[in-house]
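Shown next, in structure tokens, is the structure this report addresses.
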Amino acid sequence: MIQSIHSTLAYAVLAVLVIAVINAFLGLSSKRNFTKNDRSLSLVVLILSHIQLVVGLVLWVTSPLGKDALSQMSNAALRLTAVEHPLINIIAIVLITIGWSKHKKEESSNGKFKKIGIFYALGLLLFLSRIPWSNWMA
């Protein structure tokens, strides 16, 4: 149950994150004003990623592929799910949170789009780097 919630939510987080990154870079390149809709989109990413973090941590604690697998670090697949995936994704969510915080301090629309674009894109790259693709494509 928790695994399916985590997987389904991951698709939603990635989809909205991709849209937010594209939106930020389009807003930056077109030099348009940062609107309430831009703010809302970025906030949805922030909220969904934090919900995903909580669900992921619950899954990590309760799943045999989580903390119980820490004793088997020579197995690359177990190391991915027990250590690499959670650690890198926590870093990605920290970057998204930093981007959200920094954009609020910016006065200009360009600055807001730039902060969201850079930090959210870095978070996206980290997410994509540690998705257990073999599980997703099965």
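Tabulated data
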read-out	value
Residue tally, condition part of a loop (DSSP other than H, G, I, E, B) and closer than 18 Å to HIS50 by Cβ, over the stretch 75-130	1
Considering residues of the stretch 8-38 that are outside any helix (DSSP H, G or I) and not β-branched (Val, Ile, Thr) only, the residue nearest to PHE119 (Cα to Cα)	PHE34
Qualifying position, being in contact (Cβ under 8 Å) with a residue 24 or more places away in the chain, in contact with a His (Cβ under 6 Å, 6 or more places away or on another chain), part of a helix (DSSP H, G or I) and closer than 18 Å to LEU9 by Cα, among LEU41, LEU59	LEU59
Test set (1) over 14 Å from LEU124 (Cα atoms); (2) touching a Ser or Thr at 6+ places or on another chain (Cβ under 6 Å) - VAL13 fails condition number	(1)
Any hit, the stretch 80-102, residues being over 20 Å from SER134 (Cα atoms), free of Cβ contacts under 8 Å to residues at least 40 places away in the same chain and surrounded by fewer than 13 Cβ atoms within 10 Å (Cβ to Cβ)	yes
Number of the condition not met by ALA76 [criteria: (1) surrounded by 13 or more Cβ atoms within 10 Å (Cβ to Cβ); (2) out of contact with any Pro (no Cβ under 7 Å at 6 or more places or on another chain)]	(1)
Residue match in the stretch 51-74 (condition: closer than 19 Å to LYS102 by Cα, of a type outside the set (Gly, Ala, Ser) and within 20 Å of the chain's Cα centre (by Cα))	no
Whichever residue in the stretch 103-138 is exposed (fewer than 13 other Cβ atoms within 10 Å of the Cβ) and at pLDDT below 95 and, among such residues, is nearest to the chain's Cα centre (by Cα)	SER129
Neighbours by Cβ (under 9 Å, 6+ apart or cross-chain): first from the stretch 12-36, more than 15 Å from HIS103 (Cα to Cα); second assigned to a loop (DSSP other than H, G, I, E, B) and among the aliphatic types (A, V, I, L, M)	LEU14/ILE131
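Residues checked against (1) at pLDDT 95 or above; (2) surrounded by 14 or more Cβ atoms within 10 Å (Cβ to Cβ); (3) among the polar types (S, T, N, Q); (4) touching a strand residue (DSSP E or B) at 6+ places or on another chain (Cβ under 7 Å):
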position: GLN3; (1), (2), (3), (4): no, no, yes, no
position: ILE19; (1), (2), (3), (4): yes, no, no, no
position: SER30; (1), (2), (3), (4): yes, no, yes, no
position: ASN33; (1), (2), (3), (4): yes, no, yes, no
position: ASP38; (1), (2), (3), (4): yes, yes, no, no
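The values are calculated or read from the model by the stated rules, or taken from the named source; none is laboratory data. This structure is a prediction, so every number in the text was calculated from the model and none was measured. We place every Cβ from the backbone using ideal geometry, glycine too, and count neighbours over all the protein chains shown.
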